[in-house]
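Participant: First the structure, then my questions, so here it is.
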Amino acid sequence: MSQSDLEKQALALQQRAYAPYSKFRVGAAVRADGRVFEGANVENASYGLAICAERTAMFAAVLAGCRQLEEVVVCTDVSPPSSPCGACRQVLAEFATDPARVTVTAINGKGERRSWTLAQLLPDSFSGRELP
Ligand SMILES: [Zn+2]
């Protein structure tokens, strides 16, 4: 299977990661409202301030006024390719009208690929519907 444009972007975005402490470089590309948004992880000497690639990409989409999440690709160096962390799954779910229709694909530079729906990654998720 050939790489999709979104996968190529996530792979390229990994080069923009700022990960001098963990060395765990991550690139992410999300499509929302038909547009593509870029993300990479950004660490800090105060470790707890780091933010993941998936969230930087999703927040860029929201800032551009695009809140309808359609697809996510995340690129790491590990094998098998790493899925998004729990915090990112929750943030992505916030902007997925139907998490069963949002595809999350994890890739690495070796051409390996894993894929899920967001509903598979975060079943029975907490949402704003739970709030009074
Ligand atoms: Zn994360």
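Participant: Looking at the chain only, what percent of DSSP beta bridges run antiparallel? Nearest 5 please.
Facilitator: Here the antiparallel bridges make up roughly 70 percent for the chain.
Participant: Next question, about the same structure. What is the sum of charges, Lys and Arg at +1 and Asp and Glu at -1, for the other residues whose Cβ falls under 15 Å from the Cβ of Glu71?
Facilitator: Summing Lys and Arg as +1 and Asp and Glu as -1 gives +1.
Participant: Mind checking the per residue accessible area of the chain for me, 1.4 Å probe, whole number of Å²?
Facilitator: That works out to 54 Å² for each residue.
Participant: Counting DSSP beta bridges in the stretch 57-131, what percent are antiparallel, to the nearest 5?
Facilitator: Around 45 percent antiparallel, to the nearest 5.
Participant: Computing the accessible area with a 1.4 Å probe over protein heavy atoms, can you report the carbon and sulfur percentage for the chain?
Facilitator: Ligands and nucleic acids excluded, carbon and sulfur reach 52 percent.
Participant: I need the semi-axes of the equivalent ellipsoid of the stretch 31-130: take the C-alpha gyration tensor, multiply each eigenvalue by 5, square-root it, list largest first in whole angstrom.
Facilitator: 20, 17, 14
Participant: For Glu130 and Thr117, compute 0.36 nm times the residue count separating them, minus their Cα-Cα distance, and round to one decimal in nm.
Facilitator: Full extension from Glu130 to Thr117 adds 2.5 nm.
Participant: Out of Thr117, Thr105, Thr97, any idea which swings most in a Gaussian network model of the chain, alpha carbons joined below 10 Å?
Facilitator: Thr97
The values are calculated or read from the model by the stated rules, or taken from the named source; none is laboratory data. From a predicted model like this one, the values you see are computed outputs, not experimental measurements. Please note: Cβ atoms are built from the backbone with ideal geometry, for glycine as well, and neighbour counts cover all protein chains shown. For accessibility, only protein heavy atoms count, side chains too; no ligands or nucleic acids. Shrake-Rupley method; radii C 1.70, N 1.55, O 1.52, S 1.80 Å.
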